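Beneath this line is the structure, given in structure tokens, with notes to follow.
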Amino acid sequence: MAGWIWRTAIGLAAIIAAGVASAQTFPAKAVHIFVPYPPGGGVDVLTRTLADVVSKNWGQSIVVENRPGAGGVIASQAIATAAPDGYTLIMVASGHATNPFLYPKLPYDTFTDFSPISLLASSPNVLLVRSDSPFKTVADIITAAKTRPGVLSYGHAGNGTSTHLAGALLNSLARIDLNAIPYKGGAPAINDLLGGQIPMSFNNGPESVGQLQAGTVRALAVTTATRAPFLPNVPSMSETVPDYDTEVWWGLLGPGGMPADLVTKISGDFVTALNTDAVKERLGKLGAIPIGSAPAAFVAKIRADYDKWEPIIKAAGMKAE
């Protein structure tokens, strides 16, 4: 028995030592970060902006790979089966927490198959109308929706996306029945909004900024509990609908089972990059708000969104496209 205990202790010590060594020498080669969405979107821009700074600090390349498909499931499955050595990571959006309710069966476990590294940034979604819309406030929308239940519609970026959830939450809390119209992304929804095919649209902050600056649309509200720094004159939805609060967030994950010290190192390096003036300025122009959390806080955020959205998604009967 004593020999078994001694061998176990030696084994544990070796594992701990290997973890420390991996953190001290990491990275010794190029690191790959998967982006589960097409190039040019908010997740892609955030990833490439941070990768540029971190790679210079590391003295190693960071290769950003776009692997879109199935709401992030395809790229997430690849990460879940990768070696937990820090050389293969993924930048996920808030849909990571809600995919279990949108797909009949995921090829991974949302919690145990990943190592949360940092919640890096977030952005409110924005309720947009055309610049000549008769709707001036959220209260106008609610009044019209109660007058004509199920008739008034809103566009969103696709079933189960954060913009779809934003409308579902408004339906739930305001007790109205807006008709959700799915699009293949936020840009097509804005195009139909501008063309008059839909009266309103929920869109991510980064894809809304340009249209707002051009004056082609107006923002009635941001979806976070407080006003957004990049749209200080736009009310928050909660100013009209109490307890309303939702956002899209972006965070870095690795495969499950990564050594804790390696997770801490990568997290710290990305948070340091996030806090540089150049990165903060770039994100601010996109309507993204830097966060830079510790790994434990990111775990808590994923769990909170998982618990929050389950009843709303099930009540709305949402399914992935």
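Some observations on this one:
- For the criterion of being out of contact with any His (no Cβ under 6 Å at 6 or more places or on another chain) and on the phi > 0 side of the Ramachandran plot, Gly254 fails.
- Residue match in the range 112-120 (condition: of a type in the set (Val, Ile, Thr), free of Cβ contacts under 8 Å to residues at least 60 places away in the same chain and over 25 Å from Ile312 (Cβ atoms)): no
- Checking each residue in the range 154-164 for being open to solvent by 10 Å² or more (accessible area, probe 1.4 Å) and under 17 Å from Val126 (Cβ atoms) picks out Ala157, Thr161, Ser162, His164.
- Count - residues of the range 66-93 that are among the aliphatic types (A, V, I, L, M) and under 19 Å from Leu50 (Cβ atoms): 7
- Residue among Gln60, Gln77 that alone is at pLDDT 95 or above and farther than 25 Å from Ala304 by Cα: Gln60
- Considering residues of the range 307-321 that are assigned to a loop (DSSP other than H, G, I, E, B) and of a type in the set (A, V, I, L, M) only, the residue surrounded by the fewest Cβ atoms within 10 Å (Cβ to Cβ): Ala320
- Lone qualifier among Phe34, Phe111 - being in contact with a Lys or Arg (Cβ under 9 Å, 6 or more places away or on another chain) and either buried (at least 16 other Cβ atoms within 10 Å of the Cβ) or in a helix (DSSP H, G or I) (or both): Phe34
- When the range 42-66 is limited to residues that are open to solvent by 30 Å² or more (accessible area, probe 1.4 Å) and not in a helix (DSSP H, G or I), the one that is farthest from His96 (Cα to Cα) turns out to be Gly59.
- Count of the range 266-297 residues, restricted to those that are closer than 20 Å to Gly205 by Cβ and touching a Gly at 6+ places or on another chain (Cβ under 6 Å), is 2.
- Picking from residues in the range 99-147 that are within 30 Å of Lys280 (Cα to Cα) and of a type in the set (S, T, N, Q), the one that is nearest to the chain's Cα centre (by Cα) is Ser122.
- Helices (runs of 4 or more DSSP H) wholly inside the range 188-306 that include at least 1 residues being within 20 Å of Asn125 (Cβ to Cβ) and open to solvent by 10 Å² or more (accessible area, probe 1.4 Å): 205-214, 277-286
- The condition (being part of a strand (DSSP E or B), crowded, with 18+ Cβ neighbours inside 10 Å, on the phi < 0 side of the Ramachandran plot and not aliphatic (A, V, I, L, M)) is satisfied by just one residue among Ser122, Ser76: Ser122.
- Residues that are outside any strand (DSSP E or B), over 21 Å from Gly284 (Cβ atoms) and open to solvent by less than 50 Å² (accessible area, probe 1.4 Å) within the range 176-187 comprise Ile176, Leu178, Tyr183, Gly185, listed in sequence order.
- Answer from Pro116, Pro100 - the residue that is assigned to a strand (DSSP E or B), over 28 Å from Pro232 (Cβ atoms) and modelled with pLDDT of 95 or more: Pro116
The values are calculated or read from the model by the stated rules, or taken from the named source; none is laboratory data. Being a predicted model, the structure only gives us computed values, none of them experimental. Ideal geometry is used to build each Cβ from the backbone, glycine not excepted, and the neighbour counts take in all protein chains shown. Just the protein is used for accessible areas: all its heavy atoms, side chains included, with ligands, DNA and RNA removed. Shrake-Rupley method; radii C 1.70, N 1.55, O 1.52, S 1.80 Å.
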